[in-house]
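Visitor: Have a look at this one before I ask anything.
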Amino acid sequence: MGFLKKKRWQRRHLVETFMKFIMRFSLVIVAGSLGLILWIVVVRGTPALSLDMVTKIPEGGYYMGKGGGILNAILGSLYLASGGTLLAMIFSVPIAMYLKTYLGDSKWGYYVRLSLDVLWGIPSIVYGAFGFTLMIALGLRASLLAGIIILALIELPIMTRAMDEVIRRMPIDLEHAALALGSTKFEVALRVVTRQMLPGITTAILLGFGRGIGDAASVLFTAGYTDRIPTSLMRPTASLPLAVFFQLGSPYPEVQQRGYAAALILTIIVLAVSLGSRWLSARLNKYTIK
Amino acid sequence: MDAHIQVKNLNVYYSKQQALKNINIEIPKNQITVIMGPSGCGKTTLLKTFNRFLELTGGTQLTGEVLVDGQNIYDRDVDVTEVRKVVGLLAQRPSPLPMSIYDNVVYGMNIHRMKKDRKEYKAAVRHYLEIAGLWDEVHKRLHDPATSLSIGQQQRLCLARGLAVEPEIILGDEPTSALDPISSQNIESRLIELKKQYTTVIVTHTLRQAKRLADYVIYMYLGEVIEAGSAREVFNDPQHERTRAYLEGQI
Ligand SMILES: Nc1ncnc2c1ncn2[C@@H]1O[C@H](COP(=O)(O)OP(=O)(O)O)[C@@H](O)[C@H]1O
Ligand SMILES: [Mg+2]
């Protein structure tokens with residue numbers, strides 16, 4: 001064993017120890033912040049959480065601490081995010097297909113992907129302002145539909161890029177294997193390609209949904225806010241992020257507490273959606289070819 | 001010779017370059033034919049003309065005829081999925097479908113609606129996994145992902161999957177080149193066992209494998225067939241200088 005030098009505190013070991021420390025430190029900061037956020041939301045929101053909160057709309061004097069709930073915002077957010085996600089999906093699937101089939105890794109493919117990545121990074125308030133300007137120009141009022149359209153625009157880049165990555169990772173051998181057995185192209189698409197890509201597509205959709213449901217700035221301008229439950233695409237609608245925002249800004253402590261309860265509800269929805277998607281992807285992923 | 005595949009005046013072009021030049025050969029029924037030749041001489045291309053896989057590559061052009069049982073598979077009214085059902089392919093690298101071991105074998109039978117009920121499918125899965133020599137290894141985990149198998153097992157699964165659609169011809173494009181020696185040997189033994197019932201065409205780059213498998217040999221060079229004949233004749237007494245050089249150069 002004589003040739004094995006005893007570990008001494010050389011520079012390389014010091015560097016490694018230092019780097020490890022930095023990584024652990026960052027991890028603690030991230031996990032700690034997340035824990036703190038959850039802690040505050042739970043501690044402050046739970047007392048105000050009641051059956052009324054999730055089953056009733058604001059009654060007279062609600063914003064001064066009287067009875068009612070935020071069912072209007074819960075439903076509004078679900079409608080906005082689902083509608084936006086559905087609309088974004090209708091456009092992102094063909095765009096992703098077009099990117100793969102016709103643009104590929106060409107110069108234009110590069111530019112389109114770059115644009116999508118830039119769009120991804122644009123703050124949502126800019127989308128909101130854009131939507132607002134457009135609506136004024138067209139003489140439209142704030143409505144559920146306008147909110148859905150603007151959320152679809154916000155979600156489109158994430159979903160398209162996520163699907164693009166999924167499609168790009170589709171092994172060509174797989175199609176050939178199925179064709180070699182005498183499949184029609186339709187059977188290949190339906191039975192093989194979809195199976196391979198479904199987990200990735202699910203993830204892409206839920207990424208979009210997650211961004212949509214949490215967004216306050218864009219719906220503030222485009223969907224407005226109302227105490228009623230949305231019944232028409234043409235009327236304004238409430239949303240959870242804005243319910244949090246308005247109530248936290250209130251001078252009444254009871255109302256502030258309800259703001260935290262609204263945040264808790266939003267957090268639970270987002271958590272449920274992401275855990276659900278994890279579970280679904282893992283199940284669907286079992287058979288995919290890596 | 002009882003020819004199963006006849007190739008007549010076959011020319012193939014990739015965009016501008018000609019890959020196959022006036023090929024005229026016959027492939028004997030229920031024997032193993034081995035296609036040999038230096039890399040880039042057109043072996044894969046020739047094989048791809050037998051199951052109409054060439055048309056998956058854009059910009060290719062083909063003239064001439066490939067007859068299977070006397071019928072030109074390039075005739076206008078021929079259904080390409082029927083061609084590929086009759087002419088199976090074992091690819092260079094195994095590529096299992098994104099589903100369980102069981103469903104991989106069922107897939108082809110299912111799209112061609114070859115069985116009536118679950119019981120028949122189950123029996124068929126067992127039958128073909130046994131033929132491929134995989135049953136004993138996988139019968140306890142039929143519903144595991146196909147990717148959980150080793151590469152060698154995956155290739156045998158692909159063999160079972162291909163045989164399940166009841167082809168008459170098996171094509172193999174260097175089907176053992178991605179495998180370890182033991183798995184290669186396993187596949188070779190399967191092919192030899194199966195040759196009584198199937199016409200087999202194998203491309204190989206190893207001369208030893210060619211000698212172990214071949215009943216009939218086709219030697220190609222720069223897109224042309226230089227020599228074709230029974231294994232005994234070609235290996236023992238090649239008629240052409242190029243074939244002789246290839247056989248000697250590799251030994
Ligand atoms: N997709 C393709 N596009 C253009 N040329 C090709 C393509 N595939 C093969 N070729 C050319 O055709 C010739 C024969 O190739 P191939 O059949 O793959 O040879 P082998 O299998 O004997 O190595 C080679 O010169 C190769 O460069
Ligand atoms: Mg080849």
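The numbers here are math on the coordinates, done by the rules we state, and not lab data. This is a predicted model, so every value here is computed, not measured. Note that we place each Cβ from the backbone using ideal geometry, even for glycine, and neighbour counts take in every protein chain shown.
Visitor: Mind running the shape call on the range B:12-75? Use the C-alpha gyration tensor, a ≥ b ≥ c as the square roots of the eigenvalues: rounded below 1.5 for a/c, prolate if a/b tops b/c, oblate otherwise.
Guide: oblate
Visitor: Largest first, please: the extent of the C-alpha atoms of the range B:168-251 along each principal axis, to the nearest Å.
Guide: Largest to smallest, the principal-axis extents are 34, 27, 24 Å.
Visitor: Which links in A:Lys185/B:Lys85; B:Lys85/B:Lys195; B:Lys122/B:Lys196; A:Lys185/B:Lys196 stretch past 23 Å when you go from one Cα to the other?
Guide: B:Lys122/B:Lys196; A:Lys185/B:Lys196
Visitor: Which value, in debye to the nearest 20, describes the size of the charge dipole of chain A about its Cα centre when Lys and Arg Cβ atoms bear +1, Asp and Glu Cβ atoms bear -1, and nothing else is charged?
Guide: Result for chain A is approximately 1460 debye, rounded to the nearest 20.
Visitor: On a 0 to 90 degree scale, rounded to 10, what angle separates helix B:181-194 from the longest Cα axis of chain B?
Guide: Taking Cα atoms only, the helix is inclined about 90 degrees.
Visitor: Also, quick follow-up: Taking a quarter of the surface of the Cα convex hull of chain B, what do you get in nm²?
Guide: If I average the Cα hull's projected area over directions, I get 13.8 nm².
Visitor: A further question on this structure: Taking chain A as the region of interest, what is the percent of Cα-Cα pairs per 5 angstrom bin, listed from the shortest bin to the one with the maximum distance?
Guide: Going from the shortest bin to the longest, the percentages are 1, 5, 9, 12, 12, 13, 12, 10, 8, 6, 5, 3, 2, 1, 1, 0, 0, 0.
Visitor: How many partner chain Cβ atoms sit within 10 Å of a residue's Cβ in peptide B:80-89, on average, as a whole number?
Guide: 3
Visitor: Treating the beta-carbon of each Lys and Arg as +1 and of each Asp and Glu as -1, no other charges, what is the dipole magnitude of the range A:158-290 about its Cα centre, to the nearest 20 debye?
Guide: Using only the charged Cβ atoms, the result is roughly 300 debye.
Visitor: Taking DSSP loops as anything outside H, G, I, E and B, show the longest stretch in chain A free of chymotrypsin sites (Phe, Trp or Tyr not before Pro) there with at most 14 other beta carbons within 10 Å.
Guide: My reading of the result: A:10-290 is the longest stretch.
Visitor: Further, regarding this structure: Farthest toward the dipole's positive end in chain A, which of A:Ile172, A:Ala217, A:Ser274, given Cβ charges of +1 (Lys, Arg) and -1 (Asp, Glu) about the Cα centre?
Guide: Of A:Ile172, A:Ala217, A:Ser274, it is A:Ile172.
Visitor: Classify the protein assembly as shown from the C-alpha gyration tensor, please: rounded if a/c falls under 1.5, else prolate or oblate depending on whether a/b exceeds b/c.
Guide: Judged from the Cα gyration tensor, the protein assembly as shown comes out prolate (a/c at least 1.5, a/b above b/c).
Visitor: Another question, then. Which residue fluctuates the most in chain B, going by a Gaussian network model with Cα springs under 10 Å, if the choices are B:Val165, B:Val203, B:Val83?
Guide: Top of the fluctuation ranking is B:Val83.
Visitor: Something else: Could you tell me which of rounded, prolate or oblate describes the range A:1-139, using a ≥ b ≥ c as the square roots of the eigenvalues of the alpha-carbon gyration tensor, with rounded for a/c under 1.5 and, failing that, prolate when a/b is larger than b/c and oblate otherwise?
Guide: oblate
Visitor: Okay, next question. Any chance you could check the Cα centroid distance between the range B:1-79 and the range A:149-215 for me, in angstrom?
Guide: About 35 Å separates the Cα centre of the range B:1-79 from the one of the range A:149-215.
Visitor: Enumerate by residue number the trypsin sites (Lys or Arg not before Pro) in the range B:14-65 meeting two conditions: DSSP loop (anything except H, G, I, E, B), and at most 12 other Cβ atoms within 10 Å of the site's Cβ.
Guide: Hits after loop and neighbour filter: B:Lys16.
Visitor: Just tell me how shielded B:233-243 is by partners: mean number of partner chain Cβ atoms within 10 Å of each residue's Cβ, no decimals.
Guide: Shielding by partners across B:233-243 averages 0.
Visitor: Can you tell which of B:Asn104, B:Leu47, B:Val83 lies farthest toward the positive end of the dipole of chain B, using +1 and -1 charges on the Cβ of basic and acidic side chains (Lys, Arg; Asp, Glu)?
Guide: B:Asn104
Visitor: Relative contact order for the range A:49-106: what percent, with Cα pairs under 8 Å and sequence separation of 6 or more?
Guide: About 22 percent, as a whole number.
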